[in-house]
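K.L.:
Shown below is the structure under consideration.
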Amino acid sequence: MMFEGLLVDLVPYGKRFFALERTWRNNDSAFWSSGGDRHIVSRASIQRMADRWAEEAEQMGPSRGIMFGVQAKDGTPLGFITINWLLPHSRLAMLGARIGDPAYWGGGYGTDALLLIIDYAFGWLDMRKLWLGTTSVNVRVMRQMEKTGFALEARERCAALMDGVWHDGLLYGLLREEWPGRDAMVERLGLRAKDGQNGSSTR
Ligand SMILES: CC(C)(COP(=O)(O)OP(=O)(O)OC[C@H]1O[C@@H](n2cnc3c(N)ncnc32)[C@H](O)[C@@H]1OP(=O)(O)O)[C@@H](O)C(=O)NCCC(=O)NCCS
């Protein structure tokens, strides 16, 4: 399965992505996505985490979540975007994302992936609400939330210790009726493919 965006495609999170996990889990991307954790993660513990996810997915089915690899249009694996938890009864889903290589941050890749997964969650999975948690210093996520129409719903005081400083946690939510659809959002934000990219993957 593949969802095609302007800068990225969402693809199965396969071996090409997994091979980069050790790098990604030990650089600044892990610090930001975990809310301040800098401990070194070994290859073995990454494998254990993957095994645990697979076991939980087997037991819980789709409620455990759905993980996509985010890849650039030239096929470069960039990271993941996930629905981490899904409550079928309330049709509520929690999102998460990490672009592993900081060189790609701020270039629009994460937002392109976000638009795709929002459309997938509302359009295919029939979710009623999406939510996401971050820290009050994660400016990239805060900007993404603002751009895509999420509302700031809660502020948790002193929720994350990051390099010795306490920061608040922020919870954002987006209701289905607030989502105009990906095409409308692409137009509203004026998003475009980068020069030389025609929207189809080369690998
Ligand atoms: C969060 C993440 C997925 C966003 O993806 P991205 O490709 O960096 O995001 P985008 O470029 O689409 O959007 C980020 C926005 O923040 C802005 N931004 C970047 N650095 C900024 C800064 N220092 N101050 C203010 N705004 C900043 C960008 O300009 C962009 O806004 P714009 O489109 O109006 O210019 C990615 O940065 C990432 O993986 N970060 C590390 C892990 C992480 O934080 N995960 C999320 C945990 S909740």
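The values are calculated or read from the model by the stated rules, or taken from the named source; none is laboratory data. Predicted, not measured: the structure shown is a model, and the values here were computed from it. Backbone-built Cβ (ideal geometry, glycine too); neighbour counts: all protein chains shown.
K.L.:
Given the criteria out of contact with any strand residue (DSSP E or B) (no Cβ under 7 Å at 6 or more places or on another chain), of a type outside the set (Phe, Trp, Tyr) and either crowded, with 20+ Cβ neighbours inside 10 Å or farther than 19 Å from residue 93 by Cα (or both), does residue 161 qualify?
P.N.:
Taking the combined requirement at face value, the residue satisfies it.
K.L.:
Next question, about the same structure. Being in a loop (DSSP other than H, G, I, E, B) and aromatic (Phe, Trp, Tyr) is the filter here; which residues of segment 1-50 pass it?
P.N.:
13 - this is the single residue of segment 1-50 that is in a loop (DSSP other than H, G, I, E, B) and aromatic (Phe, Trp, Tyr).
K.L.:
Does residue 79 satisfy the condition of being at pLDDT 95 or above, on the phi > 0 side of the Ramachandran plot and within 17 Å of the chain's Cα centre (by Cα)?
P.N.:
yes
K.L.:
Do any residues in segment 170-188 that are β-branched (Val, Ile, Thr) have Cβ atoms under 9 Å from those of residues that are buried (at least 17 other Cβ atoms within 10 Å of the Cβ) and modelled with pLDDT of 95 or more, where the two are at least six apart or on different chains, and which pairs are they?
P.N.:
186/5; 186/6; 186/112; 186/115
K.L.:
Pairs only if they're at least six apart or on different chains, beta carbon under 8 angstrom, first in segment 133-159 and farther than 22 Å from residue 185 by Cβ, second of a type in the set (Val, Ile, Thr) and more than 6 Å from the ligand (Cβ to nearest atom); list them, first residue then second.
P.N.:
159/135
K.L.:
Just the residues that are within 19 Å of residue 117 (Cα to Cα), away from the ligand (no atom under 15 Å from the Cβ) and either out of contact with any helix residue (DSSP H, G or I) (no Cβ under 8 Å at 6 or more places or on another chain) or in a helix (DSSP H, G or I) (or both), please, taken from segment 159-184.
P.N.:
The answer is 175, 176, 177, 178, 183, 184.
K.L.:
Within segment 51-76, how many residues turn out to be among the β-branched types (Val, Ile, Thr) and either part of a helix (DSSP H, G or I) or modelled with pLDDT under 95 (or both)?
P.N.:
1
K.L.:
Pull out all pairs, ordered by first then second residue, where Cβ-Cβ is under 6 Å, the residues are six or more apart or on different chains, the first lies in segment 86-110 and is over 20 Å from residue 3 (Cα atoms) and assigned to a loop (DSSP other than H, G, I, E, B), and the second is of a type in the set (Lys, Arg) and more than 7 Å from the ligand (Cβ to nearest atom).
P.N.:
91/128
K.L.:
Sticking with this structure for a sec: Going by the conditions given, is residue 192 in contact with a Leu (Cβ under 8 Å, 6 or more places away or on another chain) and basic (Lys, Arg)?
P.N.:
Judged against the criteria, residue 192 is a match.
K.L.:
Also, I was wondering about something else. All but one of (1) in a helix (DSSP H, G or I); (2) within 30 Å of residue 61 (Cα to Cα); (3) more than 14 Å from the chain's Cα centre (by Cα) hold for residue 146; state the number of the condition that does not hold.
P.N.:
Condition not satisfied by residue 146: (2).
K.L.:
Which of the residues spanning segment 136-158 are more than 11 Å from the ligand (Cβ to nearest atom) and loosely packed, with under 15 Cβ neighbours inside 10 Å?
P.N.:
151, 152, 153, 154, 155, 156, 157, 158
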